[in-house]
């Protein structure tokens, strides 16, 4: 939990300014307690209802985050072979892994089958045919659910909306019965469930209820045709509060799913952002204050390559000083910008702050889609990650070195010049 103590912003009782002094900025800091609390909130909300929670690894794939969740008994939702390897390295149980994504390669399928993962979420007829062939060749039987696209508007940013007919994800609802019939007849495929995911950062329960109602029509139709399913994967997407969003509770979200899905089906969910977003912050230092005729800029050492959400989605993140400034520093409205050579390189705009050069700030709500989307643009090393728990602050990813930026590259041989 983040809160001020004696004018200093703390995470679970540790002053963030001390963490910044020890590890430098920019750096990411996460609260293990917050992650555990969020996961347990989902788990408790289901009560005795049969359920599985599969953390969406794409939100934050740090091994310490995955390890924290694996110790709680979490499953994992992956979308690549790299994420599979990360989950296994973090001691996640293979049987609790769901493999989603529209572009699974043969190599990724082979790795997932060798690990004996729980289920593949199939997103196209071509993928189903490929998986059957790969499974037969390696002597495995692949458990599958078809990810259906219910054509439900999630009313979220278009880049993170996934449940409309115009999106690349899933199988159109009208095509699903035929695909299930094909799957049921394939020798190396075992049909176990149905999956649906309509988008991310949803702030209303109505789209979830609408999507599940449409999915259950399909499920009952399949049952009438002799194709019995064991689980319904409702996906993820529950939003978090970045600014002024009004959000449903986890308890109300789970209750909505339980009402929509009969108790004879196990409910699977794939939360990501709602488990880790508010548990993390990006710490940064003000390098310069720059005044132009129209703007007050605070040029900080973090940039869009460290946190791309504001540039990519125009996302809003709260900005808090690590030490509260006194009244002797006048409050002004600042744009927080980084050193990257792009006009899109901003972390926050028009924020009322009391700043001096050297001041340290926390960009809040950065635990999801922060470091995991970081890049080396402008040859900038990626920042370290620190996990805080009752034992203190742990460096769970070292700051990338400049030498590492080109360690896999070579010069041309002299003979080619």
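The values are calculated or read from the model by the stated rules, or taken from the named source; none is laboratory data. None of the values given here were measured: they were computed from a predicted structure. With ideal geometry, Cβ positions are generated from the backbone for all residues, glycine too; neighbour counts draw on all protein chains shown.
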key: Selected residue (only one of 309, 380, 351 is closer than 22 Å to residue 7 by Cβ, buried (at least 16 other Cβ atoms within 10 Å of the Cβ) and assigned by TED's automatic domain parsing to the domain that holds residue 15)   = 351
query = In segment 215-226, which residues are touching a residue at least 40 places away in the same chain (Cβ under 8 Å) and closer than 12 Å to residue 176 by Cα?
reply = 215, 218, 219, 221, 222
note = Selection over segment 91-115 where residues are out of contact with any strand residue (DSSP E or B) (no Cβ under 9 Å at 6 or more places or on another chain) and over 20 Å from residue 170 (Cα atoms) yields a count of 6
query = Any idea which of 195, 183 is within 18 Å of residue 120 (Cβ to Cβ), touching a residue at least 40 places away in the same chain (Cβ under 8 Å) and over 28 Å from the mean Cα position of the chain (by Cα)?
reply = 183
inquiry  = Test of understanding: among 85, 61, 70, 38, which residue is in a helix (DSSP H, G or I), under 18 Å from residue 100 (Cβ atoms) and not assigned by TED's automatic domain parsing to the domain that holds residue 354?
reply    = 85
task = Please list, ordered by first then second residue, the pairs with beta carbon atoms under 9 Å, 6 or more apart or interchain, first in segment 333-353 and part of a loop (DSSP other than H, G, I, E, B), second modelled with pLDDT under 95 and surrounded by fewer than 19 Cβ atoms within 10 Å (Cβ to Cβ).
result = 344/312
ask   = Of the residues that make up segment 397-417, is at least one under 30 Å from residue 326 (Cβ atoms) and either in contact with a strand residue (DSSP E or B) (Cβ under 7 Å, 6 or more places away or on another chain) or surrounded by 14 or more Cβ atoms within 10 Å (Cβ to Cβ) (or both)?
value = no
task = Answer yes if at least one residue in segment 116-127 is over 26 Å from residue 219 (Cβ atoms), buried (at least 21 other Cβ atoms within 10 Å of the Cβ), at pLDDT 95 or above and in contact with a helix residue (DSSP H, G or I) (Cβ under 6 Å, 6 or more places away or on another chain), and no otherwise.
result = no
